[in-house]
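Undergrad: Got a structure here, written out as structure tokens. Questions coming.
Here, each number is a calculation from the coordinates, and none is a lab measurement. Please read all numbers here as calculations on a predicted model, not as lab measurements. Cβ: placed from backbone, ideal geometry, glycine included. Neighbour counts: every protein chain shown.
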Amino acid sequence: MKKSCSWLNGFLIIAGLLLCLNACKPAVEDEPFGQTAPTFSQAELEQTAMMQITYAYHETQLHQPSATPTPLFTATHTPWPTVISTIARTPTPVIIPTDEKACNRAGMGVPFDVTVPDNSTFYAGETFTKTWRVVNSGSCKWTRLYKLVFYSQNAMGAQYERFLEAEVLPGQAIDLSIDMIAPTAPGTYQGNWMLQAPDGTLFGLGMNADSPFYVRIIVSNDATPTPTEEPSPTPELSPTP
């Protein structure tokens, strides 16, 4: 398209020049005396015009910038992505709560106060034996290294600690007995006791095994106290082998 426009522009320029030359040629009567203006035939004029047009066309072609060929895009092969296998991971195990019991825990046997029920009456200085029936409600075996120990308030003359007389497996019961003496002054007295593991850990009753069991008596002013009803003797429990 650019080449056609340049050639046309050249043609128009030459045609315009020829018209100007014809317009500017003086008339015959105005020419100086003795000089004759050259005359050109119509064919010569047309031939000259064609030569000028051809020359202008070649000049235009010579000054046209050479066209740079547009490179063709070469189709490339796009590789498919490589699939990397994933590592199979071990699923995290679900933690299920268990009913595992505490190692050392005591429960109340039936009856619990085998002797000397709460608020039993004694006179001053009277001796008596307190017996509790305790169940091993934990998961550890009570060996002979376990102890019955005084915990708080009034020991009433009792020995502060005493080893168990037999081993007690979980679920079994044992009678814990200890000798005491009623205080000399009238009043209400209470002594708290617990069990002790070989490592020194104290444990007892309750949900957290931290409640002591106790003996509570009343010391009377009377010289002859009201007899305390003693429960009928029960056969001694022997640990199951």
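Undergrad: Which semi-axes, in whole Å and largest first, does the equivalent ellipsoid of segment 106-220 have when worked out from the alpha carbon gyration tensor as the square roots of 5 times its eigenvalues?
TA: Working: eigenvalues 132, 36, 29 Å².
Working through the eigenvalues yields semi-axes of 26, 13, 12 Å.
Undergrad: Going by how many other Cβ atoms sit within 10 Å of their own, how do 116, 215 line up, fewest first?
TA: If I rank by nearby Cβ atoms, fewest first, I get 116, 215.
Undergrad: Another one. Starting with the fewest neighbours, write out 140, 103 ranked by other beta-carbon atoms found within 10 Å of each beta-carbon.
TA: By the 10 Å Cβ count, ascending: 103, 140.
Undergrad: Another one. Given Cα pairs under 8 Å that are at least 6 residues apart, what percent is the relative contact order of segment 106-220?
TA: It comes to 34 percent, rounded to a whole number.
Undergrad: Quick one: 219, 110, fewest Cβ neighbours within 10 Å first, how do they rank?
TA: 110, 219
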